[in-house]
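Please read the structure below before turning to the comments.
The values are calculated or read from the model by the stated rules, or taken from the named source; none is laboratory data. Treat the numbers as computed from the prediction; the structure is a model and nothing was measured. Glycine gets a Cβ as well: all are built from the backbone with ideal geometry, and neighbour counts include every protein chain shown.
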Amino acid sequence: MTKVRHWVIMIVLSLSGGIIFGLPFLFEVYYKPLAQALSLNNTEVGSLMSVFGVTSLISYFPGGWLADRVSPRKLITISLVLTGFSGLYFSTFPSYTISLALHAFWGVAISFLFWGAMIRVTRNWAPPEEQGRAFGILESGRGIGEVLTGVALLAVFAALGSGDSALAVVIILSSVFTLALGVLAWFTLEDEVDDGRGAEDAHKIGLSDIIATIKMPVVWLIATVIFTGYCTYWGTFRFTSYATDIFMMSVTIAATISVGKMWLKPMAALVAGFVADKLGIARTVAFLFMVLIISFSVFAVMPGSSAMIPMMLLNIAIASLVVFAMRGIYFALLEEGGVPLAVTGTAAGFVSAIGYTPDIFMPLLGGVLLDTYPGPTGYRYFFFTTAAICAVGLVASLTIYLKFVRKTDQESG
């Protein structure tokens, strides 16, 4: 493989990995407009994402096993095309029932076909000692894709009046971008399951390998890290409504804040990848959890006065930087924790099935808390809960370092 093709693969992979999630996570930027266009309350909007989470949860594990056996080019291309075409239908603002069905379909199309293939291709893309930067570059590229499309779509949304018709155009354009990446993926990605490291085992993953993978303690700890880390990612989704409900900002300004924090993702993930390769993945993740415990606790107690807006914006920047940094490196724990390359997809599918369960309950939790406890109280409960979850992630990451990473270093030394 030439060096140019090597980097083209990562560019297409990372852009696809960012843009494909634009449709199911549309409400992160357009929460209020989407609820209005579909005539939904907070709980119903949360239910859309919960349905996506349920089908994703069911799909991750078998999708990971599939990624160890089937061409990633085929899996990723089919996923992008199916997601793009279904997005075009969503732009018509169908009924609540149909919207639920579409979010369920996206859970399968993305988590079964796309996710495991993306993780496996990324791990194969770099040698063992550069896993942090490989996943950091992936997450950075995903962030660039989200930023470029987010800024362009928000500009279109504002220019067209920020109404229902403007939102429909946004959804159509997002779907077209996804379809275009499907075409690019077909012509750029490789048909091989991997690039040669462990290739002889790629098509021999059987039931015994699956059971052995599930029994690995480090796999469960990695799943816990991803679970808690992903809860913090969901915590950042509430920043937009937090700004409008507590600090009385307009919908457009709040959406601008949401898109603005996306600019932090590429830098945070890229830097975290290189730093983690020097300091260690598990130790870096543990430090990031400590920062998040403080940050979300600050959100919980911060009064909603205009004088606190600068502090609120600074805390949004800190929390976003740390969350994006963590998302950029936590899958590199597969290498640092000693998970065999041949079962990368299977392990990634299993830890994702556990790690991304917040897709099911975090949006619903936020919706229920805000509907039950309107105003600052609901946000206080939500952010304190997120901070407590971070403490669990801190314990899991420290355990990985103490029981697996440091122990291995001592034995090899």
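Per-residue answers, yes or no, for (1) modelled with pLDDT under 90; (2) surrounded by fewer than 23 Cβ atoms within 10 Å (Cβ to Cβ); (3) under 18 Å from Thr188 (Cα atoms):
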site	(1), (2), (3)
Glu44	yes, yes, no
Thr92	no, yes, no
Ser95	no, yes, no
Ile110	no, no, no
Leu113	no, no, yes
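Okay, residues lined up against (1) surrounded by fewer than 23 Cβ atoms within 10 Å (Cβ to Cβ); (2) at positive phi; (3) under 24 Å from the mean Cα position of the chain (by Cα); (4) touching a residue at least 40 places away in the same chain (Cβ under 8 Å):
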residue: Thr357; (1), (2), (3), (4): yes, no, yes, yes
residue: Pro363; (1), (2), (3), (4): no, no, yes, yes
residue: Gly375; (1), (2), (3), (4): yes, yes, no, yes
residue: Leu398; (1), (2), (3), (4): yes, no, yes, yes
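Inclusion of Ala325 among residues that are more than 17 Å from Cys390 (Cβ to Cβ) and in contact (Cβ under 8 Å) with a residue 40 or more places away in the chain is not warranted. Examine segment 4-18 for a residue that is touching a residue at least 24 places away in the same chain (Cβ under 8 Å), under 21 Å from Ser165 (Cα atoms) and not hydrophobic (A, V, I, L, M, F, W, C), and state whether such a residue exists. No; the residues of segment 4-18 include none that is touching a residue at least 24 places away in the same chain (Cβ under 8 Å), under 21 Å from Ser165 (Cα atoms) and not hydrophobic (A, V, I, L, M, F, W, C). Condition first: more than 28 Å from Gly273 (Cβ to Cβ), at pLDDT 85 or above and aromatic (Phe, Trp, Tyr). Can you find one or more residues in segment 371-378 that meet it? The answer is yes; a qualifying residue exists. Screening Thr232, Thr228, Thr256 for residues that are within 20 Å of Asn42 (Cα to Cα) and either at pLDDT 90 or above or not charged (D, E, K, R) (or both) leaves exactly one candidate, Thr232.
Every condition in (1) closer than 25 Å to Ile11 by Cβ; (2) crowded, with 20+ Cβ neighbours inside 10 Å holds for Glu130 except the one numbered (2). Being of a type in the set (S, T, N, Q), in a helix (DSSP H, G or I), out of contact with any Pro (no Cβ under 7 Å at 6 or more places or on another chain) and at pLDDT 90 or above is a property that Ser295 has. Would you point out the residue of segment 380-410, among those that are of a type in the set (Phe, Trp, Tyr) and touching a Gly at 6+ places or on another chain (Cβ under 9 Å), that is nearest to Met326 (Cα to Cα)? Among those residues, the one meeting the criterion is Tyr401.
In this structure, is Met308 over 28 Å from Met216 (Cα atoms) and surrounded by 16 or more Cβ atoms within 10 Å (Cβ to Cβ)? Taking the combined requirement at face value, the residue does not satisfy it.
When segment 259-292 is limited to residues that are over 20 Å from Cys231 (Cα atoms) and among the aromatic types (Phe, Trp, Tyr), the one that is modelled with the lowest pLDDT turns out to be Trp263.
Residue by residue, here is whether (1) within 20 Å of Val45 (Cα to Cα); (2) in contact with a strand residue (DSSP E or B) (Cβ under 7 Å, 6 or more places away or on another chain); (3) among the aromatic types (Phe, Trp, Tyr) holds:
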{"position": "Phe61", "(1), (2), (3)": "no, no, yes"}
{"position": "Trp65", "(1), (2), (3)": "no, no, yes"}
{"position": "Ser71", "(1), (2), (3)": "no, no, no"}
{"position": "Leu80", "(1), (2), (3)": "no, no, no"}
{"position": "Ser91", "(1), (2), (3)": "yes, no, no"}
{"position": "Ile98", "(1), (2), (3)": "yes, no, no"}
{"position": "Gly107", "(1), (2), (3)": "yes, no, no"}
{"position": "Ile110", "(1), (2), (3)": "yes, no, no"}
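Within segment 157-167, the set of residues being more than 15 Å from Val29 (Cβ to Cβ) and assigned to a helix (DSSP H, G or I) comprises Ala159, Asp164, Ser165. The residues of segment 71-87 that are of a type outside the set (Ser, Thr, Tyr) and buried (at least 16 other Cβ atoms within 10 Å of the Cβ), listed by number, are Pro72, Arg73, Leu75, Ile76, Ile78, Leu80, Val81, Leu82, Gly84, Gly87. Selection of segment 338-349 for residues being closer than 19 Å to Ser397 by Cα and surrounded by fewer than 24 Cβ atoms within 10 Å (Cβ to Cβ) yields Gly338, Val339.
Residues in segment 101-117 that are in contact (Cβ under 8 Å) with a residue 60 or more places away in the chain and not β-branched (Val, Ile, Thr) were compared, and the one that is nearest to Leu334 (Cα to Cα) is Gly116. Of all the listed residues (Ile137, Ile144, Ile172), the sole one being surrounded by fewer than 24 Cβ atoms within 10 Å (Cβ to Cβ), modelled with pLDDT of 90 or more and not small (Gly, Ala, Ser) is Ile172.
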